[in-house]
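Working notes, structure below.
The values are calculated or read from the model by the stated rules, or taken from the named source; none is laboratory data. As the structure is a prediction and not an experimental result, all values here were calculated from the model. Neighbour counts run over all protein chains shown; Cβ positions are idealised from the backbone, glycine included.
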Amino acid sequence: MAQEMLNALLLPLLFSMAGGTFVFLRRPEARQQGLLVMILFQLVGAAGYTLQSTLEVFALLCVHALFVLVLMTRHLQTPHVAPQTSGD
């Protein structure tokens, strides 16, 4: 019975990590929205953890949170180029 929440959260969180990686690497203009969606997936996982607290679910949420943290840190470290207006 304790594995039901892990089974329910495993695929969505893996999808979130795969989709977040794709958006981060291939679509830099949509990075902010991708990170927001990943944070929302983390909140869904946290709600599932409050319903059924197991060590496996906690470990999965820690891995996902670490992944989001790394992507967010990389996003915040990349310089943003401001569009230049032409003076003509």
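Figures for the structure shown
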| item | result |
| --- | --- |
| Criterion (out of contact with any helix residue (DSSP H, G or I) (no Cβ under 8 Å at 6 or more places or on another chain) and closer than 17 Å to Ala18 by Cβ) met by exactly one of Leu76, Leu61, Leu36, Leu43 | Leu36 |
| Flag for Val44 being among the aliphatic types (A, V, I, L, M) and in contact with a Gly (Cβ under 9 Å, 6 or more places away or on another chain) | no |
| Hey, Leu36 in contact (Cβ under 8 Å) with a residue 40 or more places away in the chain and either loosely packed, with under 12 Cβ neighbours inside 10 Å or within 30 Å of Glu4 (Cα to Cα) (or both) or not | no |
| Filter result (assigned to a helix (DSSP H, G or I) and among the polar types (S, T, N, Q)) within the range 46-75 | Thr50, Thr73 |
| Flag if Gly34 is closer than 13 Å to Leu71 by Cβ, touching a Lys or Arg at 6+ places or on another chain (Cβ under 9 Å) and of a type outside the set (Phe, Trp, Tyr) | yes |
| Residue in the range 1-14 that is at pLDDT 90 or above, under 30 Å from Pro79 (Cβ atoms) and surrounded by fewer than 15 Cβ atoms within 10 Å (Cβ to Cβ) present | no |
